[in-house]
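Derivation of every value follows stated rules applied to the coordinates shown; laboratory data play no part. The structure displayed is predicted, hence computed values, not measured ones. When we count neighbours, we look across all protein chains shown, and the Cβ atoms used for this are built from the backbone with ideal geometry, even at glycine.
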Amino acid sequence: MSRPRAVPSLIAVGLASLAAACSPPSPPSPPPAPAAAASAPAPVDAAPVATGPAWQRLRGAGLVGKDGYGLDLCGEASQRIAVLDPAAQRMLDAFLDQGARSFRFDGWGEPTAEGRVRVVSFERLAPEGLSCEESLDGFSAKAVGTEPFWAIEVAAHGTSLQRPDAPEALGSTRVLADSPTEKRYASDTGAGLLELTLVAGDCSDGMSDTLYGWTARASLAGESLAGCGYAGRAKLDR
């Protein structure tokens, strides 16, 4: 009985090995593409709006024209045309209902192209006053009330309540809330716990023609006070 012939198989294996040895090496696989970097979070607005760029503090004089409002910004020589966001438009309409045709303003927004200025919100509107030289950097918020008169200033060095018929109440500042629609502060003073809440909304103090952008409620040792307020430029840690 004859044995099976294995020679062709051995030859085939040898030829395959020789071909593999002579073939150029395969190029290395490219490294995996790096994962896309996460986009940076959008900046949180410090102004009294929820999102958007860091608005500038805008102050100056305004005039009602036939086709809109002209604003002379503090520090600028040329008048700009105002473009008002809804909140700013509502407050200005309420102020102009008193019959004024010119006004002083304090608010937030940004100058834009073509001689315009976008106004996002107003802190105060008045027929006069609101000087460009008034410092807004040393405090976070102020509130005032009448009948009886009182004034509160909230700053990093402390919160104070001043009244003509009582000693000043002063204590360290605690920030309880700071949002585009509500600000709350507390202070332990020698006269008791002083609390202040500002809520966004048009407010008149009843004694002047100034219109404020915040209603104010305060209390000291159980005594309640009501008035109006506005924000400064100082940011306080919560």
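A few comments on the model shown:
- Over the stretch 141-231, Cα pairs under 8 Å with separation of 6+ residues give a relative contact order of 24 percent.
- With semi-axes defined as the square roots of five times the eigenvalues of the C-alpha gyration tensor, the equivalent ellipsoid of the stretch 56-126 measures 17, 13, 11 Å, largest first.
- Rounded to the nearest 20 debye, the dipole size of the stretch 97-210 about its Cα centre is 200 debye, using +1 on the Cβ of Lys and Arg and -1 on the Cβ of Asp and Glu.
- For the stretch 143-202, Kirkwood radius (reciprocal of mean inverse C-alpha pair distance, Å): 12.0 Å
- Segment H157-V199, length gained on full extension (0.36 nm per residue, minus Cα span): 12.8 nm
- Loop-located trypsin sites (Lys or Arg not before Pro) across the stretch 89-147 with a Cβ neighbour count of 14 or fewer within 10 Å are R101, with loop assigned by DSSP.
- The relative contact order of the stretch 75-209, computed from alpha carbon pairs under 8 Å that lie at least 6 residues apart in sequence, is 14 percent.
- Ranked L170, L71, L63, criterion: other C-beta atoms within 10 Å, fewest first: L63, L170, L71
- R0 of 30 Å, Cβ-Cβ distance F149-R174: FRET efficiency to nearest 0.05: 0.75
- Amide N of the stretch 149-181 lying under 16 Å from the label point, which is placed 7 angstrom from the Cα of D137 along Cα→Cβ: 156-157
- Anchor K235: lysines whose Cα lies under 23 Å away (excluding residues fewer than 8 positions away in-chain): K142, K183
- Computed from the Cβ-Cβ distance with R0 of 30 Å, the FRET efficiency linking S219 to I81 stands at 0.10.
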